[in-house]
Amino acid sequence: MDTLQLLISGLANGCVYGLIALGFVLIYKATEAVNFAQGDLMMLGAFIAIGLTNAEYMGLPFLPSVILSIGIMGVIGYLLDRFVIRLMFGQSQVAVVILTIALGFVIRFVAGLIWGHEPHALENPMAGGEVRLGDLVLGMEDVAVIVVTLLLTFGLFAFFARTKLGLAMQGASQNQLAAYYMGIPVKRVQGLVWALAGAVAAIAGILFAAKGSVDPSTGLLGIKAFAAAVIGGFGSLPGALVGGLIVGVMEPFAARYIAAGYSQIAPYALLVAMLIFRPSGIFSQTRVKKV
Amino acid sequence: MRIVFKTDYMQDIRPWKDGHQLSLYLILLALVVVAPWILNDFYLGELTNVLIWAIAGLGLMILTGHTGQASLGHAAFLAMGCYANVILLEQGVPFVLAFPLAGLITGIVGALVALPAMRLHGIYLAIFTMALSILVDDIIVLTEPWSGGVSGKYVGPVSLFGLEIDRWGTPWAFYWLVLGVTVAVTLGYINLLRSPMGRSFIAVRDSEVSAQAMGVDVARTKTMSFGLSCMVTGWAGALMGLYATVFNNETFTVIISIQLLMMIVIGGLGSIHGAFLGAVVIGFLPQFLSISKEYVGMVFGGSSVAIPGLEVGVFGLILIAFILFEPMGLYGRWLKIRTWFELFPFYRKDMFKRQKSYLKTERLR
């Protein structure tokens with residue numbers, strides 16, 4: 001029973017990692033750039049939701065403010081692309097990495113200025129609710145996190161595999177110039193995917209803030225989500241979820257069964273091992289080019 | 001505009017272009033050597049700090065600027081050099097041996113780390129090195145018997161050829177030690193760039209495929225670059241330890257790694273000048289911010305308020321501005337200004353424009 005409880009709480013945490021990892025993967029899949037600021041975008045999304053919902057700020061009802069904050073984050077994502085990332089069009093990936101790390105610094109600074117550095121929790125109707133399955137007691141928030149993450153992952157997967165826009169996004173990442181010739185509006189597609197990543201970050205942030213509390217340095221969680229994305233196979237949406245779940249489940253078990261001191265390095269040790277032995281991850285997206 | 005006439009083949013591989021350039025650098029060297037008589041102890045300490053960062057920047061510049069491999073984990077090697085130096089000193093090894101050894105050990109470890117990492121490139125290498133940088137904090141805690149763990153370590157004055165070098169007691173001696181290391185590393189770097197190995201570094205940076213076609217062993221070149229880079233970084237770490245005198249597992253965080261990378265980007269990737277210019281920005285930014293905060297407080301009334309995270313935020317903004325508008329960094333800006341004056345009035349706007357490039361996927365190879 002104990003193991004099951006650990007497993008469930010690990011799964012819920014892993015889903016949040018998976019959601020952030022989804023953001024990484026979305027942008028990587030469509031623009032082949034890596035957004036190191038994804039964790040900070042999640043933190044910003046959580047703070048926007050808190051700013052709209054919590055009584056000490058604006059005190060709007062829960063549902064409209066959630067929708068509003070997802071929308072705001074989508075717009076922020078689009079504007080980031082329009083005014084910052086797009087200027088880097090066609091430049092090396094490493095330059096984009098450095099740029100997004102710097103963006104993360106700035107976002108953390110701005111959030112600290114507006115909301116302060118104390119931890120905040122999102123006031124939500126799910127708080128304190130429980131779901132009982134036999135002897136198993138699950139928090140409402142945990143259930144919500146798991147359900148939303150599953151829905152979102154498969155929705156996005158279907159979006160990339162089935163819709164025209166999703167295919168256009170994949171095409172734009174594989175070869176920008178060729179995609180232009182095929183009539184894909186590469187710049188607009190890139191803007192849309194950043195908006196989508198912003199919205200996903202907002203959802204992750206809201207779920208995270210409902211489960212626990214956020215402060216401006218929560219964005220550093222992005223590094224763990226990063227490990228998740230790499231373990232799952234960078235560029236694969238189900239891979240991001242699986243990687244997130246692996247990292248999330250590993251943590252409580254490592255904390256319980258491995259000596260203190262070794263437990264917190266487990267996800268990174270796995271990341272390093274993964275990069276050495278199978279750099280393309282579980283769901284490999286790398287294919288050998290046939291001439 | 002000066003025109004250098006080439007009358008000798010040696011001129012092409014000489015480290016300096018002509019006597020004029022050489023004399024300028026000699027004047028600069030003379031100025032920094034006499035700095036302890038000009039500056040007071042506070043500014044001398046700041047200058048020492050800048051030089052230490054510059055050495056670390058030179059270390060990373062070998063790897064990132066000249067071999068094109070981005071590393072987000074050089075704080076791990078700073079820590080390595082720092083701890084190796086201090087542990088050797090505690091074992092009774094004299095400083096004159098311990099210091100070079102610290103760099104060598106770090107370099108060898110770096111080359112060993114590079115072996116698996118060489119299968120990775122671009123973004124994956126950055127992630128790998130970042131994971132190392134995160135792990136090093138926990139590794140230091142786990143190896144407590146040697147490293148002192150969370151409670152950290154203290155390093156006192158060291159003696160070099162009978163001269164007592166104390167960061168607080170004899171700041172001038174410490175300054176000269178750091179200056180000596182800086183000059184030695186810089187000269188070594190300039191020499192490296194003239195050697196076949198340095199040329200092959202640049203070849204690998206510009207195009208791995210072409211380098212391979214020209215007979216460069218890419219894996220060996222990258223490993224050498226990693227090792228050399230880590231060696232220099234290890235020396236910088238050893239000096240940082242002596243400068244800080246107290247340090248523990250949280251001194252060399254992943255943030256330091258990121259700052260180091262950003263520093264050389266601001267300075268200008270792929271130039272030795274860039275490491276120094278970036279170090280000046282990093283070293284003096286905190287002072288500059290606190291002075292300007294006081295100034296703003298004076299103008300608008302009200303006391304100067306403490307804004308947490310201001311430094312990092314401003315740093316991020318500066319970096320974004322540089323990457324977007326001056327990707328060649330401060331040194332690139334200086335080159336443009338100099339060219340403008342040299343060619344006046346014939347400078348054209350697009351003289352430094354890069355060729356337009358389009359992105360192709362990495363997932364198909």
Within 28 Å of A:Tyr262 (Cα to Cα) and more than 14 Å from chain A (Cβ to nearest Cβ): does that describe B:Gly180?
no
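For segment B:262-279, name all the residues that are of a type in the set (Val, Ile, Thr) and over 11 Å from the mean Cα position of the chain (by Cα).
Once the filter is applied, which keeps residues that are of a type in the set (Val, Ile, Thr) and over 11 Å from the mean Cα position of the chain (by Cα), segment B:262-279 yields only B:Ile266.
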Do we have any residue at all in segment A:197-213 that's closer than 23 Å to A:Ile85 by Cα and touching a strand residue (DSSP E or B) at 6+ places or on another chain (Cβ under 9 Å)?
yes
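Could you say whether any residue in segment B:83-95 is more than 10 Å from chain A (Cβ to nearest Cβ), assigned to a helix (DSSP H, G or I) and closer than 25 Å to A:Lys224 by Cα?
no
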Please state which of the following conditions A:Gly183 fails to meet, knowing it meets all the rest: (1) buried (at least 24 other Cβ atoms within 10 Å of the Cβ); (2) away from every other protein chain (no Cβ under 14 Å); (3) part of a loop (DSSP other than H, G, I, E, B).
(1)
Please enumerate the residues belonging to segment B:246-257 that are among the hydroxyl-bearing types (Ser, Thr, Tyr) and within 11 Å of B:Cys82 (Cβ to Cβ).
B:Thr251
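Just to be sure, is A:Leu245 crowded, with 21+ Cβ neighbours inside 10 Å, under 20 Å from the mean Cα position of the chain (by Cα) and either on the phi > 0 side of the Ramachandran plot or not charged (D, E, K, R) (or both)?
So A:Leu245 passes the test.
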Considering only residues that are at the interface with chain A (Cβ under 7 Å from one of its Cβ atoms) and among the hydrophobic types (A, V, I, L, M, F, W, C), which ones fall in segment B:133-147?
B:Ile134, B:Leu135, B:Val141, B:Leu142
Identify, from the list B:Phe284, B:Phe201, B:Phe288, B:Phe226, the residue that is free of Cβ contacts under 8 Å to residues at least 24 places away in the same chain and either out of contact with any His (no Cβ under 8 Å at 6 or more places or on another chain) or buried (at least 17 other Cβ atoms within 10 Å of the Cβ) (or both).
B:Phe288
A:Ala21: out of contact with any Gly (no Cβ under 6 Å at 6 or more places or on another chain) and of a type in the set (Gly, Ala, Ser), yes or no?
no
Which of (1) in a helix (DSSP H, G or I); (2) modelled with pLDDT of 75 or more does B:Pro327 not meet, given it meets every other one?
(1)
Candidates B:Ser210, B:Ser229, filtered to the one that is modelled with pLDDT under 90, in a helix (DSSP H, G or I) and farther than 30 Å from B:Trp37 by Cβ
B:Ser210
Cβ pairs under 7 Å, 6+ apart or interchain, first in segment A:178-196 and under 28 Å from A:Leu19 (Cβ atoms), second assigned to a helix (DSSP H, G or I) and of a type in the set (Asp, Glu), ordered by first then second residue, are A:Gln190/A:Asp81; A:Gly191/A:Asp81; A:Trp194/A:Asp81
Is it true that B:Ile105 is within 14 Å of another protein chain (Cβ to nearest Cβ) and in a helix (DSSP H, G or I)?
no
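Can you tell me which residue in segment B:259-271 is nearest to B:Ile134 (Cα to Cα), limited to those that are in contact with a helix residue (DSSP H, G or I) (Cβ under 6 Å, 6 or more places away or on another chain) and assigned to a helix (DSSP H, G or I)?
That would be B:Leu260.
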Odd one out for A:Ser217 among (1) assigned to a helix (DSSP H, G or I); (2) within 11 Å of chain B (Cβ to nearest Cβ); (3) under 22 Å from B:Ile123 (Cβ atoms)
(3)
Going residue by residue through segment B:17-34, is there one that turns out to be free of Cβ contacts under 8 Å to residues at least 40 places away in the same chain, among the aromatic types (Phe, Trp, Tyr), surrounded by 12 or more Cβ atoms within 10 Å (Cβ to Cβ) and out of contact with any helix residue (DSSP H, G or I) (no Cβ under 6 Å at 6 or more places or on another chain)?
yes
Please go through segment A:258-268 and pick out each residue that is modelled with pLDDT of 75 or more and more than 7 Å from chain B (Cβ to nearest Cβ).
A:Ile258, A:Ala266, A:Pro267
Out of all the residues in segment B:148-171, is one or more surrounded by 15 or more Cβ atoms within 10 Å (Cβ to Cβ) and within 14 Å of chain A (Cβ to nearest Cβ)?
yes
Does segment B:77-97 hold any residues that are without any contact (Cβ under 8 Å) to a residue 40 or more places away in the chain and within 14 Å of B:Gly241 (Cβ to Cβ), and which are they?
B:Leu88, B:Glu90
Among the residues of segment A:111-169 satisfying the criterion of being of a type in the set (Gly, Ala, Ser) and closer than 30 Å to A:Tyr180 by Cα, which is surrounded by the most Cβ atoms within 10 Å (Cβ to Cβ)?
A:Ala168
Complete set of residues in segment A:81-127 that are outside any helix (DSSP H, G or I), within 9 Å of chain B (Cβ to nearest Cβ) and either in contact (Cβ under 8 Å) with a residue 12 or more places away in the chain or among the hydrophobic types (A, V, I, L, M, F, W, C) (or both)
A:Val84, A:Phe89, A:Gly90, A:His117
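The values are calculated or read from the model by the stated rules, or taken from the named source; none is laboratory data. Everything numeric in this text was worked out from a predicted model, so none of it was measured. Note that we place each Cβ from the backbone using ideal geometry, even for glycine, and neighbour counts take in every protein chain shown.
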